[in-house]
Amino acid sequence: MYGAQSVLAALRQRDKTGEGQHLDVSMTDGMISWLTVRAGWTFGNEQAYPRMGNRLDEFVPYGIFECADGYLALAVVQDHHWHRLCEALDRPDLAADERFETTDGRRTHREELEDELEATFAECSVQTWFDRITDRDVPAAPVYDTLELWDDEHVQARGLLTTVDAGEQSIEAIDHPVAFSESSTGIRRGVADLGEFTFACFESID
């Protein structure tokens with residue numbers, strides 16, 4: 001991501017100045033930059049940011065919840081999300097509970113709230129909760145394994161799964177994930193056989 005952005009920025013700068021430049025893009029640096037507010041927390045408190053697992057300290061409920069047949073990711077980041085979630089779960093008692101009325105209150109009473117939600121989520125399937133929650137515009141998504149992913153209607157509609165020829169057989173592969181309006185993309189062939197292009201490469205050098 002940073003490599004692509006930086007190349008585009010450098011090309012734009014070259015358009016202005018006529019000068020090229022070398023880019024040093026580090027995966028470690030990129031990952032560290034994604035610490036964002038967690039690094040800021042450490043800078044301000046001079047302490048290590050507490051490990052939260054799948055949770056997010058700033059917002060509650062936020063994380064992975066186990067349903068009757070799998071897992072659902074949930075992100076409640078605004079108070080109106082919370083009230084809509086309570087409607088989707090048919091839990092007006094949670095919406096009326098003063099402990100959970102605000103973001104700060106939900107953070108303070110995280111354990112009690114998550115206990116209530118875990119019991120509720122366990123009652124129905126992932127698809128049931130996903131449909132009911134997203135119908136109310138609350139951010140949520142099923143957590144797929146690498147088999148379930150390809151059954152998703154959106155993934156199928158996007159055409160990400162393709163097949164390529166690999167020798168005498170055809171194998172499944174993930175297609176190029178970006179669609180261009182004026183250019184054709186995609187995987188056109190499988191992995192080359194050992195030494196398949198060796199002589200061609202030498203001939204091109206000559």
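Report, by residue number, each residue of the stretch 23-58 that is among the aromatic types (Phe, Trp, Tyr), open to solvent by 100 Å² or more (accessible area, probe 1.4 Å) and under 30 Å from Phe100 (Cβ atoms). Break it down stepwise before answering.
Residues of the stretch 23-58 that are among the aromatic types (Phe, Trp, Tyr), as a first pass: 34, 41, 43, 49.
This time we only want the ones that are open to solvent by 100 Å² or more (accessible area, probe 1.4 Å), so: 34, 43.
Within the stretch 23-58, Trp34 is the sole residue that qualifies.
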Residue, most open to solvent (accessible area, probe 1.4 Å), within the stretch 80-101, restricted to residues that are part of a helix (DSSP H, G or I) and among the acidic types (Asp, Glu):
Glu98
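Just to verify a result, which residue in the stretch 59-79, among those that are small (Gly, Ala, Ser) and under 13 Å from Glu123 (Cα atoms), is least open to solvent (accessible area, probe 1.4 Å)?
Here the residue is Gly70.
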From Ile174, Ile187, grab the single residue that is more than 27 Å from Trp82 (Cα to Cα) and in contact with an Asp or Glu (Cβ under 9 Å, 6 or more places away or on another chain).
Ile187
Return the pair list, or none, for Cβ contacts closer than 9 Å from residues in the stretch 183-206 that are in contact (Cβ under 8 Å) with a residue 24 or more places away in the chain and closer than 18 Å to Thr162 by Cβ to residues that are open to solvent by 70 Å² or more (accessible area, probe 1.4 Å) and small (Gly, Ala, Ser), at least 6 apart or on different chains.
Gly190/Ser170
Output for Cβ contacts, cut-off 9 Å, separation at least six or different chains, first residue without any contact (Cβ under 8 Å) to a residue 60 or more places away in the chain and over 15 Å from Tyr62 (Cα atoms) in the stretch 78-98, second open to solvent by 40 Å² or more (accessible area, probe 1.4 Å) and in a loop (DSSP other than H, G, I, E, B), reads Glu87/Arg136; Ala88/Asp135; Ala88/Arg136; Ala95/Glu101; Asp97/His109
Checking the condition within 30 Å of Cys67 (Cβ to Cβ) and surrounded by 11 or more Cβ atoms within 10 Å (Cβ to Cβ), which residue from Ala173, Ala141, Ala166, Ala119 passes?
Ala141
Can you report the number of residues in the stretch 33-86 which are of a type in the set (Phe, Trp, Tyr) and touching a Ser or Thr at 6+ places or on another chain (Cβ under 6 Å)?
1
Of these, Val138, Val178, which one is under 29 Å from Leu72 (Cβ atoms), touching a residue at least 12 places away in the same chain (Cβ under 8 Å) and outside any strand (DSSP E or B)?
Val138
Assigned to a helix (DSSP H, G or I) and exposed (fewer than 14 other Cβ atoms within 10 Å of the Cβ): does that describe Gly3?
yes
Looking for something open to solvent by 80 Å² or more (accessible area, probe 1.4 Å) and either hydrophobic (A, V, I, L, M, F, W, C) or within 30 Å of Arg110 (Cβ to Cβ) (or both) - is there at least one such residue anywhere in the stretch 9-22?
no
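The values are calculated or read from the model by the stated rules, or taken from the named source; none is laboratory data. Small disclaimer: the values here were computed from a predicted structure and weren't measured. Cβ atoms come from the backbone with ideal geometry, glycine included; neighbour counts cover every protein chain shown. To get the accessible areas, we keep the full protein, side chains included, count just its heavy atoms, and leave off ligands, DNA and RNA. Shrake-Rupley method; radii C 1.70, N 1.55, O 1.52, S 1.80 Å.
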